[in-house]
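The structure appears below as structure tokens.
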Amino acid sequence: MRTPTEDGPLAGGTANRGRVIRVGATVQRPRGGHTPAVHALLRHLAAAGFTGAPRVLRLGPRTETLGYVEGRAAIEPVPDWALTDSALLSVGALLRGYHEHVSGFDGSGLSWQRSVPERWRGRLVTHNDPNPGNVIFRGGQAVALIDFDLAAPGTPAWELAVAACLWVPLRDGADIADRRRHRVVQRFRLLLDAYGADDTLRLDVARAAPDANRWIAAVIEEAANHGHPAFGRLWERDMAMHVRADGWLAAHTAELT
């Protein structure tokens, strides 16, 4: 296994698996039509003093070059140290810090890769994909977000609902085989506590959760249907889980709210 200090392809990823290359203190990865918008976002974060995101270095015809963020991504299989309540609390705090620093950024008029559901769109440009593999940890604490490819205008409620689906996780207990099983509602509360959510935001997160689960599933399914092999394997593995999660969320709406 490649050590964190070695150059070469970085582990993890789905859309760009095997094509994200570390070269010293830099990372080279494929660019897309949405890359200029993402770079405008990252430059704003850097100017605002947010240390929890990559820095933009160069943009080429086919690739982008970003600064390498030191630490460990919680790539699958998600390590035990990333499943602790302490790790979850740090994710909530990281998202709050990101939202505070991005709040002054105007993302209107920019071309983003994928819109969030209309009900949950707003002025705040949310990350929209804070899955464990896109969160960098140091000392067991979340310190940075990477892979902003799905960033787009959203709302805090939407971002937290997506994070809850991925980190709590909001799904049927039969699909949770680790220490988080039977602790879904407790961990949902912990995530919102760490963010500092008020009562109104908490209710909106609970209401957004079913849409977030379906949106995550749709991202995977559409890429699989377009022939992306990694997403195809992911969809075969997780399709039934997302269906069960939809049913679980419907049955536990009152408990979450």
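Quick notes
- Residue that is out of contact with any strand residue (DSSP E or B) (no Cβ under 6 Å at 6 or more places or on another chain), closer than 20 Å to Asp211 by Cα and crowded, with 21+ Cβ neighbours inside 10 Å, where the choices are Asp147, Asp129: Asp129
- Filtered residues of region 171-207 (kept if acidic (Asp, Glu) and within 22 Å of His101 (Cα to Cα)): Asp193, Asp198, Asp204
- Number of the condition not met by Ala224 [criteria: (1) modelled with pLDDT of 95 or more; (2) out of contact with any Ser or Thr (no Cβ under 7 Å at 6 or more places or on another chain); (3) surrounded by 14 or more Cβ atoms within 10 Å (Cβ to Cβ)]: (1)
- Residue list for region 182-224, filter: touching a helix residue (DSSP H, G or I) at 6+ places or on another chain (Cβ under 7 Å) and hydroxyl-bearing (Ser, Thr, Tyr): Tyr195
- Among (1) within 19 Å of Val69 (Cβ to Cβ); (2) in a helix (DSSP H, G or I); (3) not small (Gly, Ala, Ser) - the single one Asp204 does not satisfy: (1)
- Any hit, region 155-178, residues being at pLDDT 95 or above, touching a Leu at 6+ places or on another chain (Cβ under 8 Å) and surrounded by fewer than 21 Cβ atoms within 10 Å (Cβ to Cβ): yes
- Candidate set: region 13-30, residues that are assigned to a loop (DSSP other than H, G, I, E, B) and buried (at least 18 other Cβ atoms within 10 Å of the Cβ); chosen: the one modelled with the highest pLDDT: Val20
- Given (1) within 19 Å of Arg187 (Cβ to Cβ); (2) under 17 Å from the mean Cα position of the chain (by Cα); (3) assigned to a helix (DSSP H, G or I), index of the condition His99 fails: (1)
- Within region 56-77, considering residues that are at pLDDT below 95 and within 18 Å of the chain's Cα centre (by Cα), the one surrounded by the fewest Cβ atoms within 10 Å (Cβ to Cβ): Pro77
The values are calculated or read from the model by the stated rules, or taken from the named source; none is laboratory data. This structure is a prediction, so every number in the text was calculated from the model and none was measured. Methodologically, a virtual Cβ is constructed for each residue, glycine included, from the backbone with ideal geometry; neighbour enumeration extends over all protein chains shown.
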